[in-house]
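Let me begin by presenting the structure, written as structure tokens, before commenting on it.
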Amino acid sequence: MDHNLPLITTIAAGLGLALVLGFVAARLRLPALVGYLLAGVVIGPFTPGFVADTKLASELAEIGVMLLMFGVGLHFSLGDLLAVRRIAIPGAIVQILAATAMGVAVATFWGWSLAASLVFGIALSVASTVVLLRALESLGQLESFNGRIAVGWLVVEDLAMVIVLVLLPPIATALTGSTSTDPEQIARSIATTLLQVVAFVALMLVVGRRLFPWLLWQVQKLGSRELFTLCVVAAAVSIAYGATHLFGVSFALGAFFAGMVLRESQFSHRAAEETLPLRDAFAVLFFVSVGMLFDPRVLVDEPLRVLAVLGVIVLGKSLAAAALVLLLRYPLHTALTVSASLAQIGEFSFILIGLGGSLGVVPPQAQSLVVAGALISIALNPLVFRGIEPLQRWLLARSQLARNLAARDDPLAELPLSTDPKYLSRQVVLVGHGRVGRKLGEALQAHHIPFVVVEQNRAVVEELRSAGIPAVFGDAALPEVLVQAHVARARMLVIATPDTLGVRQMAAHARLLNPGIELAVRSHNEEEAQRLEQELAGSVFVGEHELARAMTRHVLERCAA
């Protein structure tokens, strides 16, 4: 039966074992991704017992890559990236270069070629967006400022890796000597590849942005849910396939731009929701197929090399990122959060090392080392995140430098001496200037009510000050930041930030400094709102409730007219 139905056997074994081991990993409070990779190891050719069809598994993995990258493109938000661009873009670029240099140095020490060392180093430099998103969601920090920085940082890494996937084949071919190493020939090869990519991108932006939404609208009108899902998946896979065969672009890049184009349409949220189960299923098969590449003997035969890989991923890359964040004058907690986010590798690393193997650039051992590094670093990542707060407390208790870095001697951390006195007494202290905070600020301005903004995004604080609005840079959960906003003489503290983890500290410090201050807090769900109302003795607003009230008021007004 196994030989007659290899496709069904491979899918059944891969998904079934991934379910079991993923469940075990989740029970052990590890990412389920660890279980999926281990499932691939168990059914792979390097372990005894049943061996899945590796050729079919690699083809299923290609579909997984397409749908995985389609999902990345579907969730890619240029606006979110621009909000943290001043730290995410330079930080990610410099960190990729630093981590790649570490990987190249290690591989060169092992005697690998320049091309193999370069691909290996790049594979170690990029963290997994999937792992990060799940980690931040489990900690409730996805919408926090530090969470947005970490996600923006990894989005920049993803975009850089998309470019690497485009340029790697011509560069690797030249470096391995399989074609002319003449600089002009290499330059022509790269230029040809880039022109093909530009042609594909232009076609997608000009034609795809109009054709794809129109096609979805025609299917939507039929009212068939399965046809809508089929249309989205067929478009993603077809665009990826066409990009490869017509423009020489990778499946991953084609699928990524298919997702980006779809995001521009009004159907993006529905497409993401409808295709999520299918994307998740094939993503599992992708990680299972990656696990099949792993030879466990590398842990016994080359333990020092595995430790070196882990050193680059967990220590070297994280320390470089933390140093960069601190150099960009962000506080210690932000540096620790970003460094923890980068202390792992994932899907792009697998895609890159797989491409390097198919091009004959890296030795087979490289894939096992990368998968070993991914398995261990992903398993350790939740522990790394949980260690942020204890580590920060330990550093603050023992190091004056750490206390200085946490507070940051920053001109934006306090109001200028020239601030109008009306903003220093009986003012509103507005924490957060995102989508909700911005609307509140506009309303306060329209009614000539003085207010001071407390915001953790330096760029936002700079923009507010240039517009003549008093703003303080820092975390409102710290009492010294509230002092700089003159909360001791304020009439009201309005917490409009989506990060509710620090709300209790903000309220406690504000009440200590100003016992009579009134509180207004944003919340995400009814249960949380009830707890906050009881603990804070303030007004708590839930988004769904306010939306329901506004819609009810509109309906009643229209019906009464």
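Taking each residue of the range 297-323 that is charged (D, E, K, R) and looking for partners that are at pLDDT 90 or above and part of a helix (DSSP H, G or I) with beta-carbon atoms closer than 8 Å, six or more apart or interchain, yields 302/369; 305/369; 317/95; 317/98; 317/99; 317/102; 317/124; 317/125. For the range 5-18, the count of residues that are outside any helix (DSSP H, G or I), surrounded by fewer than 22 Cβ atoms within 10 Å (Cβ to Cβ) and over 30 Å from the mean Cα position of the chain (by Cα) is at least one. Of the residues 126, 156, 164, 130, the single one that is under 18 Å from residue 317 (Cβ atoms), modelled with pLDDT under 75 and of a type outside the set (Phe, Trp, Tyr) is 130. In the range 376-391, the residues that are in the same structural domain as residue 299 (by TED's automatic domain parsing) reach residues that are surrounded by fewer than 15 Cβ atoms within 10 Å (Cβ to Cβ) with C-beta atoms within less than 8 angstrom, at least six apart or across chains, in these pairs: 382/29; 382/138. For the range 35-52, the tally of residues that are free of Cβ contacts under 8 Å to residues at least 24 places away in the same chain and surrounded by 24 or more Cβ atoms within 10 Å (Cβ to Cβ) stands at 1.
If you check residue 493 against the conditions, is it crowded, with 21+ Cβ neighbours inside 10 Å and more than 30 Å from the chain's Cα centre (by Cα)? So residue 493 fits the description; yes.
Yes/no matrix, rows are residues, columns are (1) closer than 23 Å to residue 96 by Cβ; (2) among the hydroxyl-bearing types (Ser, Thr, Tyr); (3) surrounded by fewer than 15 Cβ atoms within 10 Å (Cβ to Cβ):
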residue	(1), (2), (3)
279	no, no, no
300	no, no, yes
303	no, no, yes
313	yes, no, no
317	yes, no, no
323	yes, no, no
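Identify the residue in the range 234-253 that is modelled with pLDDT under 80 and among the polar types (S, T, N, Q) and, among all such residues, is nearest to the chain's Cα centre (by Cα). Across the range 234-253, the extreme among qualifying residues is 250. Meeting the requirement of 1 or more residues that are at pLDDT 80 or above, in contact with a strand residue (DSSP E or B) (Cβ under 6 Å, 6 or more places away or on another chain) and not assigned by TED's automatic domain parsing to the domain that holds residue 88, the helices (runs of 4 or more DSSP H) wholly within the range 442-561 are 458-466, 479-484, 503-513. Looking across the range 414-435, just one residue is crowded, with 19+ Cβ neighbours inside 10 Å, modelled with pLDDT under 90 and either among the hydrophobic types (A, V, I, L, M, F, W, C) or touching a helix residue (DSSP H, G or I) at 6+ places or on another chain (Cβ under 6 Å) (or both), and that is 433.
The values are calculated or read from the model by the stated rules, or taken from the named source; none is laboratory data. In this text the structure is predicted, and so the values were computed from the model without any measurement. Using ideal geometry, Cβ is built from the backbone for each residue, glycine included, and neighbour counts are taken over all protein chains shown.
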